[in-house]
Amino acid sequence: MRLQVEDLTYSYGEKEAADHVSLRVDAGEFVGLIGPNGSGKSTVLKNVYRGLRPDRGKITLDGEDLLSMPYRKSALKMAVVGQENEVPFDFTVEEMVAMGRTPHKRLFDVDTPRDRQIVRHALEHLGIEQLAHRNYRRLSGGEKQRVLIARAIAQESDFFVLDEPTNHLDISYQMQIFDFIKRLKVTVLSAIHDLNMAALYCDRLYVLSQGRVVIEGTPEQVLTPENIYRVYGVRSCVEKHPVTGKLSISFLPAGIGA
Ligand code: ADP
Ligand code: MG
């Protein structure tokens, strides 16, 4: 799966939230979208997963125009974990995860034994089998997040669009989820809040600031103290970690360091 976004522009009324954004995700890449709060990460992702319709610009999946694709077809091609995790009805966890199978089915098709097996595996992978019959709305933020990842996995798509997927999770689940997604060898576009997580898992990064892509490249190219200061206004110390071989970023409080 290859995603290409060209000159994507989107405004909420007067407020331009994505300003001529161009980016690409090649097959098998794990691409991160970083940038301060309000820089437009969710807006770009929503345009990609068709939660919003671009004012201008072009989005293609494997060369095919996304905006003229039937919804069901694009729903099959990408698994989405968005940021707003509320649902209006009382679904069980199992029902939520089974929704990942919906794009594969026609209206009124019943779940097959294979669907049920896929759902069970997804629950097991996320370690939430014991939650299967719980009401989704009454789960903690971290539990909800794992349910939504399980739903994405049950969809069996090879392209994941993720909006800060590990936001509510403690460090062990953060690592577990990124490790798991990495092992799936799918193509990923993910907004990531934590720069160290971005350095650990991403092949390439795009940095958004005020709706624009201001820096792009490998983590080594992007995550320099100069760039971090320019975008976040925070001083940092960036080193290659001796064990991971990836960049490791420490933020410097006022009065410490040069
Ligand atoms: P990020 O995900 O990087 O934090 P967003 O894409 O959510 O940024 O927001 C980008 C900008 O668009 C922000 O200034 C935000 O306030 C604004 N914005 C986001 N959603 C809406 C909305 N539904 N209506 C109006 N403005 C919005
Ligand atoms: Mg966001």
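Read-outs throughout are calculated quantities, based only on the coordinates presented, and are distinct from any laboratory measurement. These numbers were taken from a predicted model, which means no experiment stands behind them. Please note: Cβ atoms are built from the backbone with ideal geometry, for glycine as well, and neighbour counts cover all protein chains shown.
Name the residues in the range 1-56 that are of a type in the set (Val, Ile, Thr) and within 18 Å of ILE181 (Cβ to Cβ), would you? Let's see the steps before the verdict.
Pass one, the range 1-56, residues of a type in the set (Val, Ile, Thr): 5, 9, 21, 25, 31, 34, 43-44, 48.
Within the range 1-56, VAL25, VAL31, ILE34, VAL48 meet the criteria.
Only residues in the range 180-197 that are under 22 Å from LYS46 (Cβ atoms) and without any contact (Cβ under 8 Å) to a residue 12 or more places away in the chain count as the first member; pair them with residues that are part of a loop (DSSP other than H, G, I, E, B) and of a type in the set (Lys, Arg), Cβ under 7 angstrom, at least 6 apart or cross-chain, and list the lot.
none
Suppose we filter the range 36-70 for residues that are more than 9 Å from ligand 2 (Cβ to nearest atom), without any contact (Cβ under 8 Å) to a residue 12 or more places away in the chain and outside any strand (DSSP E or B); how many remain?
Residues in the range 36-70 being more than 9 Å from ligand 2 (Cβ to nearest atom), without any contact (Cβ under 8 Å) to a residue 12 or more places away in the chain and outside any strand (DSSP E or B): 3 in total.
Out of ARG230, ARG212, ARG151, ARG235, which single residue is within 16 Å of ligand 2 (Cβ to nearest atom) and either among the basic types (Lys, Arg) or touching a His at 6+ places or on another chain (Cβ under 8 Å) (or both)?
From the options ARG230, ARG212, ARG151, ARG235, the qualifying one is ARG212.
I'm checking my understanding of the structure. Among residues of the range 197-227 that are under 15 Å from ASN37 (Cα atoms) and either among the polar types (S, T, N, Q) or more than 16 Å from ligand 1 (Cβ to nearest atom) (or both), which one is farthest from the chain's Cα centre (by Cα)?
Top of the filtered list is GLN210.
Residue by residue through the range 1-15, note down the ones that are within 16 Å of ligand 1 (Cβ to nearest atom) and under 11 Å from PRO54 (Cα atoms).
The first filter runs over the range 1-15 and keeps only residues within 16 Å of ligand 1 (Cβ to nearest atom), leaving 5, 8-15.
Selection gives VAL5, LEU8, THR9, TYR10, SER11, TYR12.
Could you list, in sequence order, all residues of the range 16-35 that are in contact (Cβ under 8 Å) with a residue 24 or more places away in the chain, outside any loop (DSSP other than H, G, I, E, B) and away from ligand 1 (no atom under 16 Å from the Cβ)?
SER22, VAL25, PHE30
Pick from the range 102-155 the residues that are of a type in the set (D, E, K, R) and farther than 26 Å from GLN83 by Cβ: which of them is surrounded by the fewest Cβ atoms within 10 Å (Cβ to Cβ)?
ARG106
Exactly one of (1) within 14 Å of the chain's Cα centre (by Cα); (2) surrounded by fewer than 17 Cβ atoms within 10 Å (Cβ to Cβ); (3) outside any helix (DSSP H, G or I) is unmet by CYS237. Its number?
(1)
Does the range 123-138 contain any residue that is in contact with a Gly (Cβ under 9 Å, 6 or more places away or on another chain) and closer than 23 Å to ASP111 by Cα?
No, the conditions are met nowhere in the range 123-138.
Is there a residue being within 22 Å of VAL186 (Cα to Cα) and either in a strand (DSSP E or B) or in contact with a strand residue (DSSP E or B) (Cβ under 9 Å, 6 or more places away or on another chain) (or both) anywhere in the range 85-97?
Looking for residues that are within 22 Å of VAL186 (Cα to Cα) and either in a strand (DSSP E or B) or in contact with a strand residue (DSSP E or B) (Cβ under 9 Å, 6 or more places away or on another chain) (or both), one finds none in the range 85-97, hence no.
Regarding SER157, is this residue within 15 Å of ligand 1 (Cβ to nearest atom) and either part of a loop (DSSP other than H, G, I, E, B) or in contact with a strand residue (DSSP E or B) (Cβ under 9 Å, 6 or more places away or on another chain) (or both)?
no
Could you grab me the full set of residues in the range 72-101 that are over 22 Å from LYS41 (Cβ atoms), buried (at least 17 other Cβ atoms within 10 Å of the Cβ) and either within 16 Å of ligand 2 (Cβ to nearest atom) or β-branched (Val, Ile, Thr) (or both)?
Those that are over 22 Å from LYS41 (Cβ atoms), buried (at least 17 other Cβ atoms within 10 Å of the Cβ) and either within 16 Å of ligand 2 (Cβ to nearest atom) or β-branched (Val, Ile, Thr) (or both): VAL93, VAL97.
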